[in-house]
Amino acid sequence: MSSTASVLYSYEAAQAYEQEGDFLSAARNYYECHLYYENAELTVAYENVREYGLSSMGKYRRCIKLMSQEEKSKIRADEVAMSFLIDWEDKVNYLDWASWHDRGEQNYTVTPNPEVVKAIEKSLVYTGKTCPYCGKPTELIDSTEIYGGTSYGPIYICRDCGAYVGCYKGTTTALGRLADEKLRLAKRRAHHYLDQLWKTPKQRLEIYEWLSDELHIPQARTHVGMSDEEQCNRIANLCRRRLIDRKRRNPFRRFKEWDENEATNRQDNK
Ligand SMILES: [Zn+2]
C-alpha cells in the first residue's frame, strides 16, 4: 500500500477508534497517519491527504487529553521508544506492534523488527520497568517500605541494586528510570536549579524545549527523571548559568545555590 493510501486508511481507522472511545488506538493511528503523510508522494494531490496529514497531530494530542491514566502512561512509553528510532518505517512498525500488543488481537500478530525491539527494551528502562543497573524487571511497591512508614505513593524498585523511582502523583507512571543513591542526589541538584526557572506550565514547557535543544536529545527524553548522572549535571549547570544570566540582567531576581548538606538531610522521592 502506498504512503498516500495509508494516510487515508490510518486516518479513517483513527476516527473509527475515536468514535468507539478507544483513544489509545485512535492516537496511535493518528500518529501513523502523520508519519505516512510526511513521507507520502504528494505530487498526486489528494485533497484529503493534505487535510488529514495536517490535522493528524492535533487530533493525536486531543485524544491524549481524553485518555485514562493507564493509557497516557502507554503513550509516554510510545514516545520514549520512538525517540530512539530514526526511520519513519520503524516508527510505524513500533506503533503497529504496540497496538496489536495492547489490543490483544488474536487473529494477527505484528513482529517488531530488530531496531524496534531495541527501542522497546530501552523504553522499558526509561519508564521504570527494567532496572538500568542489572537489567532485571522491577517491582511496583508502596513507598512506605523505604520511607519508614510515610507513603509518598507507589515506586518502582530493584531490591538487588537498592535503586528506585517514584511516580507522578496519583498514578503508577514512573517519573523516569530507576536511580541509586548517587543518581538520586544528582537528580535533586538538577531539579534544584531547573525548578527555579519556571512558575507557569507555559514557562515549564519553554524551559524543557530549550533544554532539549541544548542537550541535543528528543523532548520525550528531556526529563531529569530519565537522566543519568552526567546528564543531570549538564542540566544543573545549564540551568544555573541561565539563572546567573537572569540575575545579571535583573539584580532583583535572586536564586538559591545548591547546598549539598541541606539536600542530603532532606528526603523526597523525586
Ligand atoms: Zn537492579
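Given the C-alpha centroids of the range 10-65 and the range 99-164, what is the distance between them in whole angstrom? Answer, in whole Å: 29. Each Cα pair under 8 Å and six or more residues apart adds its separation to the average, and for the range 181-270 the resulting relative contact order is 42 percent. The 3J(HN,Hα) values that the Karplus relation (6.51, -1.76, 1.60; θ = phi - 60°) gives for the range 4-10 are, in residue order, 4, 5, 5, 4, 5, 4, 5 Hz. Gly and Pro appear as x. Compared with the rule-of-thumb size 2.2 N^0.38 Å for a compact globular protein, the range 116-237 has a Cα radius of gyration ratio of 1.07. Working from the Cα coordinates of the range 30-189, the gyration tensor eigenvalues give, after taking √(5λ), semi-axes of 36, 17, 15 Å in decreasing order.
Accessible surface computed residue by residue for the range 3-126, with neighbouring protein chains in place and a 1.4 Å probe, gives 53 Å² per residue.
In the chain, what percent of the accessible surface is made up of carbon and sulfur (1.4 Å probe, ligands and nucleic acids excluded)?
With neighbouring chains kept in place, the figure for the chain is 48 percent.
When the surface is traced with a 1.4 Å probe over the full set of protein chains, TRP97 keeps roughly 40 Å² accessible.
Ligands, DNA and RNA excluded, the heavy atoms of LEU197 present near 20 Å² of accessible surface to a 1.4 Å solvent probe.
When the listed pairs LYS118/LYS199; LYS65/LYS182; LYS129/LYS247; LYS72/LYS256; LYS118/LYS187 are checked against a 32 Å cut-off, the alpha-carbon distance exceeds it for LYS118/LYS199; LYS65/LYS182; LYS129/LYS247; LYS72/LYS256.
Per residue, the average separation of C-alpha pairs within less than 8 Å and at least 6 apart gives the range 3-126 a relative contact order of 23 percent. Percent of C-alpha pairs per 10 Å bin in the chain, short distances first: 6, 24, 31, 23, 12, 3, 0. Value of Rg to Rh for the range 189-270, rounded to two decimals, is 0.96; Kirkwood radius and Rg both from alpha-carbon coordinates.
Entry comment: accessible area of the range 127-178 is 48 Å² per residue, from protein heavy atoms only and a probe of 1.4 Å.
Using a 1.4 angstrom probe on the protein heavy atoms only, line up ARG28, ARG76 by accessible area, largest first.
The residues order as ARG76, ARG28, largest area first.
Per residue, the range 181-270 exposes 64 Å² of accessible surface when a 1.4 Å probe is rolled over the protein heavy atoms with every protein chain present. Accessible-area rank, largest first, for TYR193, TYR46: TYR46, TYR193, with all protein chains present and a 1.4 angstrom probe.
Rounded to the nearest 0.05, the FRET efficiency derived from the C-beta distance between TYR147 and LYS182 at R0 = 22 Å is 0.70.
The values are calculated or read from the model by the stated rules, or taken from the named source; none is laboratory data. The structure displayed is predicted, hence computed values, not measured ones. Glycine gets a Cβ as well: all are built from the backbone with ideal geometry, and neighbour counts include every protein chain shown. All accessible areas refer to the heavy atoms of the entire protein, side chains included, with ligands and DNA or RNA removed. Shrake-Rupley method; radii C 1.70, N 1.55, O 1.52, S 1.80 Å.
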